[in-house]
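Worksheet for the structure shown next.
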Amino acid sequence: MTSTPTVPAVPLPARHSAGCPFGPPPAYTEAAASAPLTRGDLPGGDSCWLATGYAEVRTILSDRRFSADIRHPSFPLLVAGDREQITATPSFLNLDDPEHARLRRMVTGDFLVKRVQAMRPDIQRIVDEALDTMTDGRTEADLVADFALPVPSLVICLLLGVPYEDHEFFQGVGRTLLSNASTSEQRLAARDEMLEYLEGLATRKRAEPRDDIISRLAVRDDLTPREVASTGILLLIAGHETTANMISLSTALLLDRPEQIARLADPAALPGAVEELLRHLTIVHTGVARVALEDVELGGTTVRAGEGVIAMLSTANRDEEVFGGADRLPVDELDLDRDARRHLAFGFGVHQCLGQPLARAELQIALATLFRRLPGLRLTVPRDELAFRTESFIYGMRSLPVTW
Ligand code: HEM
C-alpha cells in the first residue's frame with residue numbers, strides 16, 4: 001500500500017531555526033510529527049523519501065535492500081551539480097559490501113575500543129596542552145579555534161601520520177567538501193587537491209613506513225594509491241570535523257544549562273552524559289542517504305526500487321517511546337541522566353561509525369577536563385549572537401567566544 005503524505009515535500013537540506021539552534025531544523029520535526037515517511041525535494045530537482053521515525057531509520061540503515069553506493073544513478077544527492085563529478089572516487093562510506101567491507105576491514109583494528117583505551121593518556125595530554133596554550137596569559141579565547149578543533153585534529157593526525165602543520169590546508173578543504181553551499185566545481189577541486197596531498201604522503205610513507213595508519217595502508221599491495229587516498233580523506237575529515245563540532249556545540253549547550261555541568265565531574269555519569277549529548281545534538285543533521293534496490297514496505301508505505309531515501313537521524317533520536325519516560329525530561333530537552341544508549345547519532349548497520357570509540361573517548365576527556373579546569377567558563381557574547389555552521393552537512397559552530 002502506498003499512502004499519500006499529508007505534509008508538503010520538505011526542501012532538503014532544511015535550515016535550522018535561529019530561535020532553537022541546538023535542535024533539528026523545524027521542517028524535519030514537522031515532517032516527523034505528521035508521518036514516519038514523508039517526501040523531500042533534493043537540491044538537484046529530484047525528489048525522495050524523508051524517513052524521520054526511529055524504527056524506519058533503523059530499518060533503512062540495516063537492511064541490505066537499501067544501498068549506500070553513491071554511484072547508483074538515482075542515489076539521492078544533497079548537493080546540486082554534475083552527478084558524475086560528485087560521485088567519482090567514493091570512499092567506503094559510500095560503497096556497499098563487498099567493496100565496503102574489504103576497505104573498512106583494513107582500518108577496523110585501529111579504532112577498536114581496546115586500541116582507543118590505550119590512547120587515552122595521549123588524548124588527555126593533547127587536551128591539557130590545548131588548554132594550557134589557550135589560557136596562557138589570556139582571559140578570552142575562541143573555543144572553536146583554540147580547543148574544539150585542535151584537539152581532534154591533533155589526535156587524528158597522530159593516528160594517521162598526517163603532519164599537523166598542514167591543518168589549515170586540510171581543514172579548509174574539509175569545510176569545502178562538507179558545505180552544501182560549495183559548487184560541484186569547488187568540491188571537485190578540493191577533493192582533487194586532497195587526493196593529491198594524500199597520494200603524495202602515501203608514496204613517501206611507502207618508502208619510509210612509520211607506526212601510523214597511512215603507512216600501514218601505503219605498504220599494502222592489495223590497495224591502489226587512490227584507495228589509500230580516499231580512505232585517508234574519509235578518516236581525516238570524519239575524524240576531526242565531527243568531534244570538533246560536538247565539543248563546541250556541547251560546550252555552548254551546557255553553558256546554557258549550567259545546572260547540568262556537574263554531571264560531567266562524576267566519572268560514573270560521564271559516559272552516559274556524552275551519549276545524551278550525542279543524541280540531543282545529532283550533528284549529522286542532514287541525515288544519511290540511501291537508495292532502495294528493491295520494493296520495500298516501510299511505515300505503511302512502499303518505497304519502490306530506485307527511489308532515494310534520506311534517513312533523518314536527528315528526529316529518530318527524539319522518539320518519545322525510545323528515549324522518553326515519566327522520570328525524564330521531554331526528549332527535546334537535554335537530560336544528562338537519560339539512558340540514551342540506543343541513539344542513532346553514529347548511524348546503524350554496516351556503515352555505523354567506525355570512529356565511535358575514539359569520538360567517545362575524545363568527548364569524555366575534552367568536556368570533563370574543560371569544565372574541571374575552567375569552572376568559571378562563560379560566553380563573552382549574548383547567546384543569540386552565536387554563529388552556527390548551518391551550511392555544513394555536519395552541524396557545528398563557527399566560533400565560540402568565551403572567558404573564564
Ligand atoms: C561525534 C563524532 C562523530 C559522529 C556523530 C559520527 C557520525 C557518523 C555517522 C552517522 C556515520 C554513518 C554514515 C552512514 O551511515 O552513511 C559515520 C560513519 C563513519 N565515521 Fe563517524 N562520526 C563521528 C566521529 C568519527 C571519528 C572520530 C572518526 C574517525 C576516523 C569517524 C569515522 C567514520 C567512518 C570511517 C565512517 C564510515 C563507516 C562505514 O561506512 O563503514 N567518525 N559517522
* Only one of (1) surrounded by 22 or more Cβ atoms within 10 Å (Cβ to Cβ); (2) among the basic types (K, R); (3) in a loop (DSSP other than H, G, I, E, B) is not met by R328, so which one is it? -> (1)
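Residues to consider are V274, V296; find the one that is within 12 Å of the ligand (Cβ to nearest atom) and either among the hydroxyl-bearing types (S, T, Y) or touching a Ser or Thr at 6+ places or on another chain (Cβ under 9 Å) (or both). I'd like the intermediate steps shown before the answer.
Details: V296 fails: within 12 Å of the ligand (Cβ to nearest atom).
V274 is the lone residue from the list that is within 12 Å of the ligand (Cβ to nearest atom) and either among the hydroxyl-bearing types (S, T, Y) or touching a Ser or Thr at 6+ places or on another chain (Cβ under 9 Å) (or both).
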* Subset of the range 91-141 (residues that are within 16 Å of the ligand (Cβ to nearest atom), among the hydroxyl-bearing types (S, T, Y) and loosely packed, with under 13 Cβ neighbours inside 10 Å) -> T108
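Can you name every one of the helices (runs of 4 or more DSSP H) wholly within the range 197-301 that holds 2 or more residues which are crowded, with 22+ Cβ neighbours inside 10 Å and either of a type outside the set (A, V, I, L, M, F, W, C) or at pLDDT below 95 (or both)?
On the way: elements: 213-218, 225-256, 270-281.
The helices (runs of 4 or more DSSP H) meeting that bar are 225-256, 270-281.
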* To do: Scan the range 166-177 and give yes if some residue there is aromatic (F, W, Y), farther than 19 Å from I86 by Cβ and surrounded by fewer than 21 Cβ atoms within 10 Å (Cβ to Cβ), otherwise no.
  => yes
* Structure fact -> Among helices (runs of 4 or more DSSP H) completely within the range 103-190, the ones holding 1 or more residues that are among the charged types (D, E, K, R) are 113-135, 167-178
* Asked: Within the range 42-67, can you find the residues that are surrounded by 19 or more Cβ atoms within 10 Å (Cβ to Cβ) and in a loop (DSSP other than H, G, I, E, B)?
  -> L42, T52, G53
* Residue check, E84 against (1) away from the ligand (no atom under 15 Å from the Cβ); (2) closer than 16 Å to G308 by Cβ, all met but one. Which one? -> (2)
* Asked: Taking only pairs six or more apart or across chains, which ones have beta-carbon atoms under 7 Å, a first residue in the range 236-263 that is away from the ligand (no atom under 16 Å from the Cβ), and a second residue that is assigned to a helix (DSSP H, G or I) and modelled with pLDDT of 95 or more?
  -> Q260/L254; I261/L254; I261/F371; R263/A273
* What pairs come up if the first residue lies in the range 347-366 and is farther than 13 Å from Q124 by Cα and near the ligand (Cβ under 6 Å from one of its atoms), the second is in a helix (DSSP H, G or I) and among the basic types (K, R), and their beta carbons are under 7 Å apart, counting only those six or more places apart or on different chains? -> L354/R104
* Asked: Only one of (1) of a type in the set (S, T, N, Q); (2) under 17 Å from R263 (Cα atoms); (3) touching a Pro at 6+ places or on another chain (Cβ under 7 Å) fails for T369. Which number is that?
  -> (3)
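If I filter the range 68-102 down to residues being part of a helix (DSSP H, G or I) and charged (D, E, K, R), which single residue comes out as nearest to G45 (Cα to Cα)? Step through it out loud before you land on a result.
Filtering the range 68-102 down to residues part of a helix (DSSP H, G or I) leaves 83-86, 92-94, 99-102.
Subsequent filtering for residues that are charged (D, E, K, R) retains 83-84, 99, 102.
On the way: R83: 12, E84: 16, E99: 30, R102: 34 Å.
For the range 68-102, the residue satisfying everything is R83.
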* Is it fair to say R398 is in contact (Cβ under 8 Å) with a residue 24 or more places away in the chain, out of contact with any strand residue (DSSP E or B) (no Cβ under 8 Å at 6 or more places or on another chain) and surrounded by fewer than 17 Cβ atoms within 10 Å (Cβ to Cβ)? -> no
* Asked: more than 16 Å from the ligand (Cβ to nearest atom), farther than 26 Å from S153 by Cα, of a type outside the set (D, E) and not in a helix (DSSP H, G or I), is that true of A340?
  -> no
* Structure fact -> Exception for A387 within (1) of a type in the set (A, V, I, L, M, F, W, C); (2) out of contact with any Leu (no Cβ under 8 Å at 6 or more places or on another chain); (3) within 16 Å of the ligand (Cβ to nearest atom) falls at (3)
* To do: Could you please give the count of residues in the range 302-323 that are buried (at least 22 other Cβ atoms within 10 Å of the Cβ), away from the ligand (no atom under 12 Å from the Cβ) and assigned to a loop (DSSP other than H, G, I, E, B)?
  => 1
* Hey, can you tell me all the residues within the range 73-102 that are in contact with a Phe, Trp or Tyr (Cβ under 9 Å, 6 or more places away or on another chain) and modelled with pLDDT of 95 or more? => P76, N94, E99, H100, A101, R102
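The values are calculated or read from the model by the stated rules, or taken from the named source; none is laboratory data. These figures come from a predicted structure and were not determined experimentally. A quick note on method: Cβ atoms are made from the backbone with ideal geometry, for glycine too, and the neighbour counts reach across all protein chains shown.
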